[in-house]
């Protein structure tokens with residue numbers, strides 16, 4: 001299957017030629033397939049956010065190439081503009097970017113910039129609001145009147161309303177309570193299931209990454225240190241710890257039990273896997 005996003009030898013250096021020159025990412029080559037849900041993880045300062053901002057043309061490479069559906073997104077101003085409708089980026093704390101008078105107008109902002117008809121804009125606003133669980137009774141309210149979790153959903157809906165081929169979310173659950181976090185994760189999964197879009201999720205939550213991602217890409221010191229399935233990545237806990245990263249809680253509990261003599265498989269990284277393995281162990285002991 002052809003990649004929807006392909007990156008070749010991407011390097012970005014900030015403040016070139018000044019005393020503050022710093023290379024944030026170096027020699028990155030990676031691709032993402034249609035429909036994948038990829039968790040992008042890494043310590044603060046590892047380069048993951050800088051990398052993501054190249055995928056929709058917000059940052060231009062110092063060197064290297066970014067392709068969306070086979071086209072170099074920096075080949076022309078038109079190509080860079082077009083990619084922003086194909087690749088939707090939801091920043092961390094996106095609710096701070098809400099600025100319209102009503103919820104409806106905020107969600108409609110992106111589709112309006114696409115020069116769509118009023119009926120098409122209306123259809124997309126209602127569809128996007130439905131994906132994130134925002135009822136139409138809120139459409140005429142000011143976004144500023146709503147809760148933090150509702151604001152977050154509205155901001156995500158504003159990007160979803162452009163129907164991007166690739167949806168990038170930078171720490172979408174940051175600062176939310178557990179119920180709010182679970183609601184946002186459920187919205188993301190529903191959106192991906194119903195649209196078949198590629199989803200790139202930047203997250204510090206190893207438990208979320210383990211639970212929902214098809215694939216993990218681990219950034220460290222401006223490079224990709226690991227790229228594989230959750231099972232492949234979380235089977236290397238010592239390397240993750242050396243990079244300053246945690247492992248999912250179920251993996252940590254399983255390791256602690258192994259150190260106490262429990263014969264548990266190495267490939268445990270979700271609560272369901274841990275529960276099943278412990279139940280099997282108890283059943284074996286009872287027999």
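None of the figures in this text is laboratory data; all of them are computed from the coordinates on show. Bear in mind that the values here come from a model prediction, so they are computed numbers and not experimental data. So basically every Cβ, Gly included, is an ideal-geometry build from the backbone, and we count neighbours across all protein chains shown.
Listing for the model above:
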read-out: Sum of -39500 (n - 2.57) over DSSP H runs of 4+, divided by residues of the chain (222 nm, nearest 500); value: -12500 deg cm²/dmol
read-out: Tilt relative to the chain, helix 118-131 - C-alpha long axis, 0 to 90 degrees, to 10; value: 20 degrees
read-out: Fewest-first sequence of 144, 201 by Cβ atoms within 10 Å of each Cβ; value: 144, 201
read-out: Overall form of region 192-262 per C-alpha gyration tensor (a/c, 1.5; a/b vs b/c); value: oblate
read-out: Within a Gaussian network of the chain (alpha carbon springs, distance under 10 Å), most fluctuating of 141, 151, 115; value: 115
read-out: Rounded to 10°, Cα long-axis angle of helix 77-86 versus longest principal axis of the chain; value: 60 degrees
read-out: Order of 198, 18 - criterion: other Cβ atoms within 10 Å of each residue's Cβ, fewest first; value: 18, 198
read-out: Length-normalised contact order of region 248-287 in % [C-alpha pairs under 8 Å, at least 6 apart]; value: 42 percent
read-out: With Cα atoms, 0 to 90° folded angle of helix 249-259 axis to the chain main axis; value: 20 degrees
read-out: Candidates 114, 243, 162: whichever shows maximal mean-square fluctuation once the chain is modelled as a Gaussian network with Cα springs under 10 Å; value: 114
read-out: Three-way shape label, region 248-287, alpha-carbon gyration tensor, a/c 1.5; value: oblate
read-out: Contact order normalised by residue count of the chain, Cα under 8 Å, 6+ apart, percent; value: 21 percent
read-out: Fluctuation leader among 258, 126, 215 - the chain, Gaussian network, Cα springs under 10 angstrom; value: 258
read-out: Length released on extending from residue 60 to residue 44, taking residue separation times 0.36 nm less the Cα-Cα span; value: 3.6 nm
read-out: Ranked 104, 14, criterion: other C-beta atoms within 10 Å, fewest first; value: 14, 104
read-out: Cα shape, the chain, gyration tensor, a/c 1.5 rule; value: oblate
